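Here is the structure we will look at, set down as structure tokens.
The values are calculated or read from the model by the stated rules, or taken from the named source; none is laboratory data. What you see is a predicted model; the values in this text were computed from it and never measured. Neighbour counts run over all protein chains shown; Cβ positions are idealised from the backbone, glycine included.
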Amino acid sequence: MVARKYDNSLRTVSRLQECELVPLDQWNCCGAMSLPTANYLLSLALPARNLALAEEKGLPLLVACGTCLKTLRRSRRAFLQRPAWRSRVQEVLGRAGRTYSGEADVRHVLEVLAEPLMLARLRRQVINPLSGERVAVYYGCQLGGAANLGLSTPSHMEDLLAAVGAEILPYDQKTRCCGNSLAGTRPEEAFSIARALLREALMRGAHSMAVACPLCHHNLVQAQQSMGNGLIRHRLRVAYFSERLAEALGVEET
């Protein structure tokens with residue numbers, strides 16, 4: 001439920017941008033960021049299996065999750081640069097009836113939608129420009145460029161939202177952690193981190209925040225709901241960047 005609007009709006013925008021999304025049948029969880037401490041080989045082999053499935057289709061693997069992006073890129077880097085681990089991953093994949101050569105790459109949907117040709121098409125398609133909308137763009141920690149696994153010095157959301165008429169505000173906190181990883185054990189600390197992000201956006205004069213991560217979206221929304229009306233001047237709308245693009249393209253509900 002947390003990610004449904006993200007999924008629906010991304011599919012809508014991709015269709016309008018004539019970007020065909022090919023389903024990856026029999027995909028598996030990438031293992032996320034905690035698996036390497038429990039089983040490093042499996043943390044490489046699980047994402048490599050998804051890359052192998054994409055390679056069988058002759059296509060790059062497109063993801064919408066920053067954690068998946070880093071996990072898949074870390075697996076591919078180890079596969080290409082560390083022969084000993086490549087051999088062990090191939091052995092695991094072989095037992096599952098798969099093989100991977102390292103050819104299939106992984107890209108985040110932001111990287112594709114913000115390509116120059118896509119931006120030009122987006123500008124031509126705008127029906128309801130976001131004129132007068134002051135937006136703080138927030139990527140979160142997983143989409144940051146650490147170790148060249150995320151989006152290095154990201155500006156993709158800024159480019160996309162500016163293309164549909166939004167005013168992009170300077171926002172220094174855009175790759176800081178939202179605190180969601182603490183939500184299950186230290187929720188008040190998690191909310192404290194998220195509240196600081198919200199206050200910074202408000203201080204910059206934002207009307208809304210644009211995000212690209214369901215966990216960031218959830219944590220920011222919950223943190224704002226926990227803030228009394230006396231603590232903030234007005235409520236920020238927290239929305240996926242793809243929701244705002246769909247609105248600008250004339251799609252009222254995604």
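Key figures for this structure:
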| read-out | value |
| --- | --- |
| The listed residue being farther than 23 Å from residue 215 by Cα, in contact (Cβ under 8 Å) with a residue 60 or more places away in the chain and surrounded by fewer than 16 Cβ atoms within 10 Å (Cβ to Cβ), out of 103, 18, 91 | 18 |
| Filter result for the condition that a residue is loosely packed, with under 12 Cβ neighbours inside 10 Å, part of a loop (DSSP other than H, G, I, E, B) and either touching a residue at least 24 places away in the same chain (Cβ under 8 Å) or in contact with a helix residue (DSSP H, G or I) (Cβ under 7 Å, 6 or more places away or on another chain) (or both), over 131, 152 | 131 |
| Some residue of region 74-87 being closer than 30 Å to residue 211 by Cα, among the charged types (D, E, K, R) and crowded, with 18+ Cβ neighbours inside 10 Å | yes |
| Those residues of region 99-113 which are within 13 Å of residue 60 (Cβ to Cβ) and not in a loop (DSSP other than H, G, I, E, B), in sequence order | 106, 107, 108, 109, 111, 112 |
| Residue match in region 161-177 (condition: of a type outside the set (Asp, Glu), at pLDDT 95 or above and in a strand (DSSP E or B)) | yes |
| The lone exception for residue 70 - which of (1) of a type in the set (D, E, K, R); (2) surrounded by fewer than 19 Cβ atoms within 10 Å (Cβ to Cβ); (3) not in a loop (DSSP other than H, G, I, E, B) it fails | (2) |
| Selection within region 13-22 - under 18 Å from the mean Cα position of the chain (by Cα) and part of a loop (DSSP other than H, G, I, E, B) | 19, 21 |
